[in-house]
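Enquirer: Below are the structure tokens for one structure; questions will follow.
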There are 2 protein chains.
Amino acid sequence: MNPDILKERQKATFDVEKLTNILDGGAEKTTRRREIESMVLSDPDFKEEDPNFLSRSERYDQAIRKSAQMILKLREYGIADPEEIYCYKSMVGGNHIEAMGLHFVMFLPTLYSQCDPQQSRKWLPLAESFQAVGTYAQTEMGHGTHLRGLETTATYDPATQEFVMNSPTVSSIKWWPGGLGKTSNHAIVLAQLYTQGKCHGLHAFIVNIRDMSTHQPLPGIVVGDIGPKFGFNEVDNGFLKLENVRIPRENMLMKYAKVEPDGTYVKPPSAKLTYGTMVFVRSMIVRESARALSKACTIAIRYSAVRHQSEMRPGEPEPQIIDYQTQQYKLFPLLAMAYAFSSVGQYMYQTYHRITGDINQGDFSELPELHALSAGLKAFTTWETNAAIEVCRMSCGGHGYSRSSALPDIYVSFTPTCTYEGENTVMMLQTARYLVKSYRQAKEGQQLSGIVSYLNEADHRRVQPQPVAARPTVVDINDLASLVEIYKLRAATLVELAAKSIQQELQRRKSQEDAWNNSAIDLVRASDAHCHYVVVKLFTDKLGEIGDTAIHSVLSTLALLYALNGITKNSGDFLQAGLINVPQVLQISVRIKELLSQLRPNAVALVDAFDIHDKKLNSVLGRYDGNVYENMFEWARRSPLNSTEVHESFHKYLKPLRSKL
Amino acid sequence: MNPDILKERQKATFDVEKLTNILDGGAEKTTRRREIESMVLSDPDFKEEDPNFLSRSERYDQAIRKSAQMILKLREYGIADPEEIYCYKSMVGGNHIEAMGLHFVMFLPTLYSQCDPQQSRKWLPLAESFQAVGTYAQTEMGHGTHLRGLETTATYDPATQEFVMNSPTVSSIKWWPGGLGKTSNHAIVLAQLYTQGKCHGLHAFIVNIRDMSTHQPLPGIVVGDIGPKFGFNEVDNGFLKLENVRIPRENMLMKYAKVEPDGTYVKPPSAKLTYGTMVFVRSMIVRESARALSKACTIAIRYSAVRHQSEMRPGEPEPQIIDYQTQQYKLFPLLAMAYAFSSVGQYMYQTYHRITGDINQGDFSELPELHALSAGLKAFTTWETNAAIEVCRMSCGGHGYSRSSALPDIYVSFTPTCTYEGENTVMMLQTARYLVKSYRQAKEGQQLSGIVSYLNEADHRRVQPQPVAARPTVVDINDLASLVEIYKLRAATLVELAAKSIQQELQRRKSQEDAWNNSAIDLVRASDAHCHYVVVKLFTDKLGEIGDTAIHSVLSTLALLYALNGITKNSGDFLQAGLINVPQVLQISVRIKELLSQLRPNAVALVDAFDIHDKKLNSVLGRYDGNVYENMFEWARRSPLNSTEVHESFHKYLKPLRSKL
């Protein structure tokens, strides 16, 4: 153990194990998680080379091997609980993505939820036994978030009782689905359904794309890998071009909508049913944000405790870089953010499960709010985390740029969350639509409930942008409840500002749509402020659940830092709305510095509490034992360029060059 | 040509070619640049596979081949002007780094500047004929920016008249130098010089690391590649461990300091001489920021003109995504930033050359200011550009994540600039040191000149943080000169705030060093504001040089957008210092929206004016002809995973899996 990091651990003012239990949701959950993790650790089948040393094809190969092994082991161990499966898989995967992920996350669930009984009998055994390996082909080259724009067609031919599937344009080629390129022999294809000369919109069809025995692409199928990406190199994100591919009528997923043998279209009973999955996935992305950020903070903070650099005082030894105020200011607010997002992730998870219970009993009342919240929070947390990971990486200096730090892998695996499952700006605008609608309802005298109740006329003093000094400011910058209050009022102000912008545009005889578009900047800002308020509030609420005094104290410090730092970064908003005054801005700066010093002795303990195993972290810089340099040297020596002492390029180009000059 | 992008070009209100000439520094320079670029284009030796399709070893191999070819071709064509060489090389390299770059950028220049006449006679012919291929080994595993901390030792042994070179610890292993791992047979090693029992600090030594004929590492030399990185995959950044390696006394670079045969150390005459290179490199990085950002903007804006998505108005065709206000708000301020940084880059380049003239005549008076400015601007422009490239990438949705967009390559090649040649936070603090020193000098009644003259007591009304409404605000938000003025006053306020923070810490009996560290957040903020002011000022100054009315008009719009957007993003600072008031914040928001609409018709023309050739851009999304989708499909089909229809993993893992279940 590196002596610096040992000393750090001795400084902690709280019981790390207890905090880990809180993050896990109970001591028994921690125990079970570690049990599952140790299954992977002790398993020789999961010994592997760092994927960073492999070629693309080798990485894909290794990932498929692991996917296949995991299937067998999970059955062998009888691990069936989704959370436990998640835990097992993330230990195997480290910072990399599961090659066959889409089979489990999209193909099987879609079959479970959209097959009619006859289809279930046919497809579930095939998919569960991996005779049929599948993916979900929705996105096209020309269309992502806007589903109605998808161009793939499925035209019913009553003569043969088949659908004829086509990719009519280049832009209609299916593009991006994970596992589509090389792995899958089936795809659930989203296509515009045409029957009896009429288009009935998007429906799902099971298309057999490769021969189930030889794995060769079937006639009319052009399928392949979309090429190298920023990350996701384990995954064969693929393309699929359909050229008059005929599938039987029974391959349309018919639990809800149907096409009769004669071509008669039967509408689904309700559109709300597919809504839930989307909300679930976005809520899970909020948890992913917390997890990715926890990893990045663990690496950067442990390394900052081990790394010594420069001179603070002449003649004295070089200080740990974590002792520089600038380094603390880079990292501790992100550590606070990681804890904040963990609370939000837990809240979203619990709320989703609570509401799902209601939905199963036919009560959809809370779904719109959760839908709006999950969209905005997905965008808010992924954007913040995305930027934060890079701050962590750069705070490790040059070594952060090495793949041995794991930070590049964490970044490239995480950054797609800003785009997939709903592009973030579109998500922010969805939340804004809900906020503006709620605002108008409140204006019309309706009493709002839930998280937007602050938009009720009576519930907040109507805040108006006005000269700052003209308003009395009552906020107590050391009181979290008081800070939650001003975050709320900031959100209220910005929602109102956005709503008024739309109104003004309408008064200038702009159409609804142009008014919306011309207010989009304000709408995104309003959503952002709303989400920021929700995060501060949920983090603060979480503190109420914590009994342990020492842990309560350190988490309160983090929450205060998170809240005050957010005010500093957005001080214009708060000043403008008269929620704080100029002397307070200066007080907050001073207070933030104090909080940084206060957190300093607990910094390493706070990342230890995330309890991310070295195997999962896979970072030389973030090792639990702090023995960075020896291990970096050892890692580097395994680099493929070091497999020979003299690279062939010397003989091919460098030596001949001399004689040519 | 894609019809959308054609239409965009027809909308332009200015002559694109004329703006290109301005950016190049004259029409004849544009002509010459294109001449050089066409040499590469028409050269079959530079036809190559996209490096993204190659393994690490193949990428390195291809890069060395290109390096060797470039050496021959540049001689053949007689291209010797540094700017022209740069132009040729960047056309060959595209978004990738030159494998042998360090030989040219550090090894040769160090020999030129630090060899004594006898050494020159020996080493220059060897290095110029590539018998000796070299690198510059300064950074160690444990030490980067802080040079005094380097641990490598060179101990003089008068008995044999040799230096004994050692890496005494793991952390002292040389780490990161480009070309060190596999390419170089020599390294200039920076080491602590010991002679006659005394340490004389860091000096440079030429160490032969590989046999000049077999290229095998020599005895006592442990050398290799440091392993995969975020980017720079063409480059063999290396490690070097020295184990009692003996080199002749004459291998110490002795133009300035010397060790006599008996071991007597002779001091160098002045320390200022090495100062100039650092300033030069940092100034060049400012230009690199402008270039990288121009590339990213070109890709994102062209793609946004071609991509259609969603519905703005029901029933109407999907709009180009560039018509969404949110997309304009993401990209146009970055376009403005690219133009701003281009002006700054030109200024730094010219100033450096002017001052170098002075220095050669023994006048060092302007060097400290340029040194401080280049440190801060290096940090300011690289941080801003770094974040901006990722905004550009994400603004392209999923396709930005594909390596075919080139945006991942541009990012990973650029991001090290935030760390190398002086870590950005350290750079900001260097500039802050100069600012605080200047501030104190002004306080003491000294009259400052140059860019910090705004710190003179008399030159600015002393700004104090105070209630915003209490001060008269005279800024005209449509007048650039007026905006430059408030940027200046913001910088003055923040420099003063930082200086006062130090003073307060000292009054609390803190040491100088602790006072400095406890004010570091404020110091970085002050530097940032200073640099921001300089950028706005230089961009505004640049407008004065432009005669063409149409170009003057569009660049003025960009400058106004840049300035106002910076105020919005930092509105807290401006409000706090009473430089703007609350109604003005709202006016600025409205004005920014107007500027976005105003720029809309010129957006594509403004990126066209950067005139970055498709070959150099290497982006499917950013193609000049806008034919994105067809080319993306074609690119993907070349992906290595598509070289066979069925990947071997199917036979190895997927098929066997079925029978095991």
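The values are calculated or read from the model by the stated rules, or taken from the named source; none is laboratory data. Here the structure is a predicted model, which is why all the values come from computation and not from measurement. For neighbour counting, all protein chains shown are included, and Cβ atoms are generated from backbone atoms with ideal geometry for every residue, glycine included. Just the protein is used for accessible areas: all its heavy atoms, side chains included, with ligands, DNA and RNA removed. Shrake-Rupley method; radii C 1.70, N 1.55, O 1.52, S 1.80 Å.
Enquirer: Hey, how many Å between the Cα centroid of segment B:175-202 and the Cα centroid of segment B:242-268?
Expert: Measuring centre to centre over Cα atoms gives 12 Å.
Enquirer: Return the distance in nm (one decimal) between the two label points of a simple spin-label model at residue B:514 and residue A:266, each offset 7 Å from Cα along Cα→Cβ.
Expert: Roughly 8.1 nm, to one decimal.
Enquirer: Continuing with the same structure: What is the distance in Å between the Cα centroid of segment B:298-319 and that of segment B:571-613?
Expert: First find each Cα centre; the distance between them is then 22 Å.
Enquirer: Could I ask something else about it? Below 8 Å, C-alpha to C-alpha, sequence gap of six or more: please give me the relative contact order for segment B:98-218 in percent.
Expert: 25
Enquirer: Sticking with this one: Averaging sequence separations of C-alpha pairs under 8 Å and six or more residues apart, then dividing by the length of segment A:334-412, give the relative contact order as a whole percent.
Expert: Dividing the mean separation by the residue count of segment A:334-412 yields 19 percent.
Enquirer: Using a 10 Å cut-off around each Cβ of peptide B:398-410, what is the average number of partner chain Cβ atoms that fall inside? Before the final figure, lay out each step's value.
Expert: Details: counts 13, 6, 4, 12, 8, 6, 4, 2, 0, 1, 6, 1, 0.
Per residue, the average neighbour count from other chains is 5.
Enquirer: Per-residue HN-Hα couplings for segment B:43-48, Karplus 6.51 cos²θ - 1.76 cosθ + 1.60 at θ = phi - 60°, whole Hz, x for Gly and Pro?
Expert: 3J(HN,Hα) across segment B:43-48, in whole Hz: 8, x, 5, 9, 5, 7.
Enquirer: Any idea what % of Cα-Cα pairs in the protein assembly as shown are farther than 55 Å?
Expert: The share of Cα pairs beyond 55 Å in the protein assembly as shown comes to 20 percent.
Enquirer: Residue B:17 to residue B:81: FRET efficiency via 1/(1 + (r/R0)^6), r the Cβ-Cβ distance, R0 30 Å, to the nearest 0.05?
Expert: About 0.80, to the nearest 0.05.
Enquirer: On average, how many beta carbons from a partner chain sit within 10 Å of the beta carbon of a residue in A:629-640?
Expert: If you average over the peptide's residues, the count of other-chain Cβ atoms is 6.
Enquirer: Give the nm distances, rounded to one decimal, from residue A:116 to the matching residue in every other copy, measuring between label points 7 Å along Cα toward the beta carbon; shortest first.
Expert: For residue A:116, the other copies' label points sit at 9.6 nm, shortest first.
Enquirer: Still on this structure: How high is the FRET efficiency between residue B:122 and residue B:169 when r is their beta carbon distance and R₀ equals 35 Å, given to the nearest 0.05? Intermediate results must be reported in sequence, preceding the final value.
Expert: Numbers: r = 32 Å, r/R0 = 0.92.
Efficiency, from the Cβ-Cβ distance: 0.60.
Enquirer: Moving to a separate point now. Could you check the spin-label model distance between residue A:42 and residue B:549? Points 7 Å from the Cα along Cα→Cβ, value in nm.
Expert: For residue A:42 paired with residue B:549, the spin-label model returns 8.4 nm.
Enquirer: With the cut-off at 48 Å, report for chain B the share of all Cα pairs above it, as a whole percent.
Expert: Values: 47882 of 218130 pairs.
The share of Cα pairs beyond 48 Å in chain B comes to 22 percent.
Enquirer: Report the full-extension gain for the segment residue B:569 to residue B:157: residue separation times 0.36 nm, less the Cα-Cα distance, to one decimal in nm.
Expert: 142.3 nm
Enquirer: How large, in Å, is segment A:148-211 by the Kirkwood hydrodynamic radius built from its alpha-carbon pairs? If you can, show how the numbers build up before the last one.
Expert: Numbers: mean 1/r = 0.0797 Å⁻¹.
Result for segment A:148-211 stands at 12.5 Å.
Enquirer: Residues of segment A:117-151 with the amide nitrogen closer than 15 Å to a label point 7 Å from the Cα of residue A:258, along Cα-to-Cβ, please.
Expert: A:117-120, by backbone N distance to the label point.
Enquirer: Residue by residue through segment B:430-439, what is 3J(HN,Hα) from phi via Karplus (6.51 cos²θ - 1.76 cosθ + 1.60, θ = phi - 60°)? Round to whole Hz and write x for glycine and proline.
Expert: Those phi angles translate into 5, 4, 4, 4, 5, 5, 5, 4, 4, 4 Hz.
Enquirer: Can you tell me, using C-alpha contacts under 8 Å and at least 6 residues apart, the relative contact order of chain A as a whole percent?
Expert: 16
Enquirer: Here is a further query. Can you give the helix-only mean residue ellipticity at 222 nm for the protein assembly as shown, where every DSSP H stretch with n ≥ 4 adds -39500 (n - 2.57) and the sum goes over all residues, rounded to the nearest 500 deg cm²/dmol? Display every interim value, and only then the final one.
Expert: Details: 44 runs with 680 residues, N = 1322.
After summing the helix terms and dividing by residue count, I get -17000 deg cm²/dmol.
Enquirer: Going Cα to Cα from residue A:593, which lysines come in below 16 Å? Please leave out same-chain ones fewer than 8 positions away.
Expert: A:330, A:569, B:500, B:510
Enquirer: Let me ask something additional. Report, to two decimal places, the Cα Rg of segment B:482-595 normalised by 2.2 N^0.38 Å (N = number of residues).
Expert: Ratio of Cα Rg to 2.2 N^0.38 Å: 1.30.
Enquirer: If ligands, DNA and RNA are left out, what is the accessible area of residue B:16 with a 1.4 Å probe, given in Å² to the nearest 10?
Expert: Residue B:16 has an accessible surface of roughly 40 Å² with all protein chains in place.
Enquirer: Defining the label point at 7 Å along Cα→Cβ, can you sort the distances from residue B:660 to the same site in each other copy, shortest first, in nm?
Expert: Taking the point 7 Å beyond Cα along Cα→Cβ, the inter-copy spacings are 5.0 nm.
Enquirer: Considering only protein heavy atoms, what is the solvent-accessible area of residue B:254 at a probe of 1.4 Å, reported in Å² to the nearest 10?
Expert: Residue B:254 has an accessible surface of roughly 10 Å² with all protein chains in place.
Enquirer: What nm distances, shortest first, do you get from the label point of residue B:476 to those in the other copies when the point sits 7 angstrom along Cα to Cβ?
Expert: Distances to the matching label points in the other copies: 4.9 nm.
Enquirer: Treat each spin label as a single point 7 Å out from the Cα along the C-beta direction, and report the residue B:9 to residue B:444 distance in nm.
Expert: In this crude label model, residue B:9 to residue B:444 measures out at 6.1 nm.
Enquirer: Related question: Rounded to the nearest 0.05, what FRET efficiency do residue A:655 and residue B:387 have when you use their Cβ-Cβ distance and R0 = 45 Å?
Expert: With R0 = 45 Å, the Cβ-Cβ based efficiency is 0.55.
Enquirer: Let me ask you something else. Given all pairs of different Cα atoms, what value in angstroms does the Kirkwood hydrodynamic radius of segment B:224-374 take?
Expert: Hydrodynamic radius (Kirkwood, Cα only) of segment B:224-374 equals 21.0 Å.
Enquirer: Let me ask you something else. Determine the order of B:230, A:633 by accessible area, beginning with the largest, at a probe radius of 1.4 Å.
Expert: A:633, B:230
Enquirer: Given the whole protein assembly as supplied and a 1.4 Å probe, what does the accessible area of residue A:176 come to in Å², nearest 10?
Expert: Rounded to the nearest 10, that gives 40 Å².
Enquirer: List the residues of segment B:154-188 for which accessible area in the full set of protein chains is at least 50 Å² lower than for the chain on its own; 1.4 Å probe, protein heavy atoms only.
Expert: With the partner chains in place, segment B:154-188 has these residues losing at least 50 Å²: B:175, B:176, B:182.
Enquirer: On to the next question. For residue B:394, what is the net charge nearby, where nearby means another residue's Cβ is under 13 Å from its Cβ and Lys, Arg count +1, Asp, Glu -1? Please list the in-between numbers first.
Expert: Values: positive: B:330, B:393; negative: A:390, A:423, B:390.
Value of the local net charge: -1.
Enquirer: Further, regarding this structure: Please give me the summed charge of the neighbours of residue B:331: other residues whose Cβ is under 11 Å from its Cβ, Lys and Arg +1, Asp and Glu -1.
Expert: So the surrounding residues net to +3.
Enquirer: Moving on to the next point. Using the Karplus curve 6.51 cos²θ - 1.76 cosθ + 1.60 with θ = phi - 60°, work out ³J(HN,Hα) for each residue of segment A:286-301 in order, rounded to whole Hz, and write x for Gly and Pro.
Expert: Once θ is set to phi - 60°, the couplings for segment A:286-301 become 4, 4, 4, 4, 4, 5, 5, 5, 4, 4, 4, 5, 4, 5, 5, 6 Hz.
Enquirer: What percent of all Cα-Cα pairs in segment B:94-171 falls in each 5 Å bin, counting up from 0?
Expert: With 5 Å bins starting at 0, P(r) equals 3, 12, 15, 16, 22, 19, 9, 2, 1, 0, 0.
Enquirer: Can I ask one more? Within chain B, what whole-number % of the accessible surface is contributed by carbon and sulfur, with the 1.4 Å probe and all protein chains included in the calculation?
Expert: That fraction is 53 percent.
Enquirer: May I ask for the Kirkwood hydrodynamic radius of segment A:1-145, worked out over all distinct Cα pairs and given in angstroms to one decimal? Each step should come with its number before you reach the end.
Expert: Numbers: mean 1/r = 0.0541 Å⁻¹.
18.5 Å is the Kirkwood radius here.
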